[in-house]
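Have a look at the structure below before the remarks.
FYI, it's all coordinate maths here, none of it is from the lab. For clarity, every value in this text was computed on a predicted model and none was experimentally measured. Neighbour counts are summed over all protein chains in view; Cβ atoms, including those assigned to glycine, are modelled from backbone coordinates with ideal geometry.
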Amino acid sequence: MNKENFKEVEIYLKSRNLSPSVFAEVYDHFVMQVSDLMAHHKISFQEAFIQTAINWQNDLKMVKADWFSLKRIAKIEKDILQQRFRKIMLISFSASVFAWIVSTISEDIYFGSVILIFAVYFGFSLYAFIFRKIKFSEYRQKSFHPLLLRNILIIFLPLLAGYLFGYNLWDFLDTKFSKLILIYCMMIHIQLLYFHTKKINILLS
């Protein structure tokens, strides 16, 4: 492969809108496969390139990033993001369950835990703004992140259905369960902010 060949592979993969880390990994594998085909099958670069592109076509096809996102990304990127989102949700759920257990033991400890979570969130936010790790527009986007919207919908659709059948929503908002939902959402916020400050793709742009 010559310089022009490497450039063609780079242009093709950049058209898939891959994040830097995923691009670097896919680029290495893609180039290696093209080179192997050229060496072992004695074919031209264009033939090897087309064959490799076909092999990668399922992973590199453009799909919707999430139910609540208009952005289209490569399927391989979506799979990585969904794995990351599942870990975020698991950590947030575990924190909520822990808070519920604590609340049954001591309201004072529970209240202290809530204050600590808020302090961590605002501390992260302040750090991100002071050191310019995040722009205000990105911060606003994070508040409407597809992961948050998806979870809020899953939580509140049953409540809305209950309201239509006569259940008082204000009674729910005054329960411990509603406070656990708040902790769950705050933990998601904190992790999204953390990943953003570390320049790890979380679908903000």
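Determine the relative contact order of the chain: mean sequence separation of Cα pairs under 8 Å and six or more apart, normalised by residue count, in whole percent.
Details: 145 pairs, mean separation 45.5, N = 205.
RCO, the chain: 22 percent.
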Would you please give the FRET efficiency between THR197 and PHE144, computed as 1/(1 + (r/R0)^6) with r the Cβ-Cβ distance and R0 = 30 Å, to the nearest 0.05? 0.95
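Take the Cβ-Cβ distance between GLN83 and LYS42 as r, set R0 to 35 Å, and report the resulting FRET efficiency rounded to the nearest 0.05. Could you put the intermediate results ahead of the total?
Values: r = 39 Å, r/R0 = 1.12.
Efficiency at R0 = 35 Å is approximately 0.35.
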Net lengthening on full extension, ILE130/ILE152 (0.36 nm per residue, minus Cα-Cα): 5.0 nm
In the neighborhood of LEU193, defined by Cβ-to-Cβ distances under 12 Å, what is the net charge if each Lys or Arg adds +1 and each Asp or Glu adds -1? +2
In degrees, nearest 10, the alpha-carbon axis of helix 176-197 is tilted away from the dominant principal axis of the alpha carbons of the chain by 30
Once both axes come from the Cα atoms, what is the angle between helix 146-164 and the longest principal axis of the chain, in degrees from 0 to 90, rounded to 10? 40
Could you state the angle between the C-alpha long axis of helix 45-55 and the longest principal axis of the C-alpha atoms of the chain, as a value from 0 to 90 degrees rounded to the nearest 10? 30
Using 31 Å as the Cα-Cα cut-off, could you pick out the over-long pairs in LYS42/LYS78; LYS61/LYS87; LYS7/LYS87; LYS75/LYS199; LYS3/LYS87; LYS14/LYS135? LYS42/LYS78; LYS7/LYS87; LYS3/LYS87
Extension gain, TYR121 back to SER178 (0.36 nm per residue minus Cα-Cα distance, nm): 18.6 nm
Can you put ASP79, ASP59, ASP108 in order of Cβ neighbours within 10 angstrom, beginning with the fewest? ASP108, ASP79, ASP59
Would you mind pulling out the separation of the Cα centroids of region 106-155 and region 1-59, in Å? 40
